[in-house]
1. Return the residue satisfying two criteria in turn: it lies in the range 256-275 and is surrounded by 23 or more Cβ atoms within 10 Å (Cβ to Cβ), closer than 18 Å to Val400 by Cβ and not aromatic (Phe, Trp, Tyr), and of such residues it is farthest from the ligand (Cβ to nearest atom).
2. Can you tell me how many residues within the range 20-59 are buried (at least 16 other Cβ atoms within 10 Å of the Cβ) and of a type in the set (Ser, Thr, Tyr)?
3. For a quick check of your reading of the model, give me the residue pairs whose first member lies in the range 241-252 and is within 11 Å of the ligand (Cβ to nearest atom), whose second is outside any loop (DSSP other than H, G, I, E, B) and basic (Lys, Arg), with beta-carbon atoms closer than 8 Å and at least 6 apart or on different chains.
4. So Glu364 ticks every box in (1) out of contact with any Lys or Arg (no Cβ under 7 Å at 6 or more places or on another chain); (2) within 16 Å of the ligand (Cβ to nearest atom) but one. Which box is left unticked?
5. Looking at Ala340, Ala319, Ala297, can you tell me which residue is out of contact with any Leu (no Cβ under 6 Å at 6 or more places or on another chain), of a type outside the set (Phe, Trp, Tyr) and modelled with pLDDT under 90?
6. Mind checking which residues of the range 201-238 are of a type in the set (Val, Ile, Thr) and either touching a Pro at 6+ places or on another chain (Cβ under 9 Å) or within 16 Å of the ligand (Cβ to nearest atom) (or both)?
7. Within the range 383-400, take every residue that is in contact (Cβ under 8 Å) with a residue 12 or more places away in the chain and among the acidic types (Asp, Glu) and give me the one that is farthest from the ligand (Cβ to nearest atom).
8. Does any residue of the range 457-470 turn out to be buried (at least 16 other Cβ atoms within 10 Å of the Cβ), touching a residue at least 60 places away in the same chain (Cβ under 8 Å) and in a helix (DSSP H, G or I)?
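The values are calculated or read from the model by the stated rules, or taken from the named source; none is laboratory data. Keep in mind the model is a prediction, meaning the values are calculated, not measured. In this analysis, Cβ positions are derived from the backbone assuming ideal geometry, glycine residues included, and neighbour counts consider all displayed protein chains.
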Amino acid sequence: MDMDKLVSLCKRRGFLFQSSEIYGGLNGFWDYGPLGVELKRNIKEAWWQDMVRGHDELSTPAGAPEAYEMTGLDCTIIMHPQVWKVSGHYDLFCDMMVDCKETKKRYRFDQLRGRWVVAKGKRVFITTLAEAEQETEDLEKRALKAFNLRGKDAASLSWEEKSMSLDQVDDLANVFAPEAKEIGTLTEPREFNLMFKTIVGAMGTEEDAAFLRPETAQGIFVNFKNVLDSTRVKVPFGIAQIGKSFRNEITPRNFTFRSREFEQMEIEFFCHPNASRKWYEYWRDRRMKWYTDLGLAGERLVMREHAADELSHYSVGTADIEYAFPFLPEGEFGELEGIAHRGDFDLRSHMEGKLVKNAEGCLEVEMIPVEGKPDKLRPKHRGSGRDLTYRDEVTNEKFVPHVIEPSSGADRATLAFLCEAYHEDQAPDENGELQTRVVMRFHPRIAPIKAAVFPLVKKDGLPEIAQEIYRKLKAKFSAFYDEKGAVGRRYRRQDEAGTPYCITVDGQTLTDGTVTIRDRDTLEQWRVKVADVVEEISKRVM
Ligand code: ATP
């Protein structure tokens, strides 16, 4: 699939726009247009319905060790700053950066792989000088391209070039100076925290500094006790949340894939430590199935279990669900969702303070010397001191539940569904001649518009009948009414919007009270009674 075509369709039909576009856009920020907002909302609603509201806590789902309960939360974006100190984000959620003094090239430390990588452009791991030289050459070419972008006619730019704001062009041009040849002397490493800082209150002092959350998960952990006390949920149970997160990514790119403001759909699932491995496997498979059920299938969707040395220090298992986005090189996949076994790390941190692994590999509170008394130690970041343990009413056992965290991105899911849906095929026009048509084959559950209604002509009472049908459909789900232009063109517009069904009111409607329903994918048409239209469409799209 050609990414250029998808990006242009997204803009043309109102799925996605660059944020603040009339001012040249802001790198890493995107707006959803009229069709995009419906698509993303449907994806979030499908997730909430399948994971939370529609979940049957009385029966054991396939693959689950036992029945469990699910509930939801909606927490604030700005939280007490101590949350991020204790969670590790304040100290660790940063990229280490160094600059090469000679070449001005910037490197970022990839904590997962323990190597310096080029901070901009594609991830390249520098291990030898020869590799660095090769990489420098590639970057030079890109820098030159960036220079050349300025003054170029917009129509001649590729989608990648278009999505690059002028700021980024300047950045690229500065960092990858064309004379760069090899890694030289490096500046002292410095940290670049990915959290956006803000000020709460009027004083504006450093003490009032707070952060925009980089993940929604922490809101769930700090409310664990509130949920237990206000509901009658029992372990095992899950708490779900959908909401905005913010990360000051060094390299926002690939359309909405890596944005600085994005939405997450996260579950924290609390279970007994002995059962946590089974729950981890259940959630890993359940989440994979959710994507395939909604239409992401085949070789483009993969599950990747992390190797032991890739795991976060607290995790005994993590899997990523990845999708072969068309903007990635052949054979590469991008993360849609991570499913992590987090042990008791989070609840214990919020009780005791920021945890680190000791020499034996066990978690303990990180201690630092007290100022002025170097032989005395104190916790680096104190926890809440609240008791976040759980007591099993039947066995009376007291324990800190283990956590399985399926953490997905609503924007990355939306982008994957957009990529998967894009198709070009041949369909006959009004004269029966085959023409290339663009069709977005969304699963009906997530399609922005479920049905469109057209009167064939604007006379003989056809619009009135069509409008009546439209109003009835609209009362149940998103529907669209269109009476302008040739009916063939109206069909094409709906194909591009991904509308699964089009209903046409024609001359025959006046005689036998039936209308035509057309299927977006098969182009099959059949007639149903006007009175049966709502039921016919409902059973297919809900
Ligand atoms: P990546 O390695 O791609 O930066 P991550 O491992 O940091 O992702 P997590 O912290 O596990 O991501 O976040 C969970 C999910 O949130 C990701 O799987 C992704 O869907 C979404 N997400 C994370 N960062 C971004 C971003 N910058 N833009 C859009 N979605 C994001």
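1. Taking the candidates together, the pick is Cys271.
2. Number satisfying all stated conditions: 1.
3. If the second residue must be outside any loop (DSSP other than H, G, I, E, B) and basic (Lys, Arg), the pairs left are Glu249/Arg258; Ile250/Arg108; Thr251/Arg258; Pro252/Arg258.
4. Of everything listed in (1) out of contact with any Lys or Arg (no Cβ under 7 Å at 6 or more places or on another chain); (2) within 16 Å of the ligand (Cβ to nearest atom), Glu364 misses just condition (2).
5. Sole residue among the options that is out of contact with any Leu (no Cβ under 6 Å at 6 or more places or on another chain), of a type outside the set (Phe, Trp, Tyr) and modelled with pLDDT under 90: Ala297.
6. Thr216, Ile220, Val235
7. Glu393
8. Looking for residues that are buried (at least 16 other Cβ atoms within 10 Å of the Cβ), touching a residue at least 60 places away in the same chain (Cβ under 8 Å) and in a helix (DSSP H, G or I), one finds at least one in the range 457-470, hence yes.
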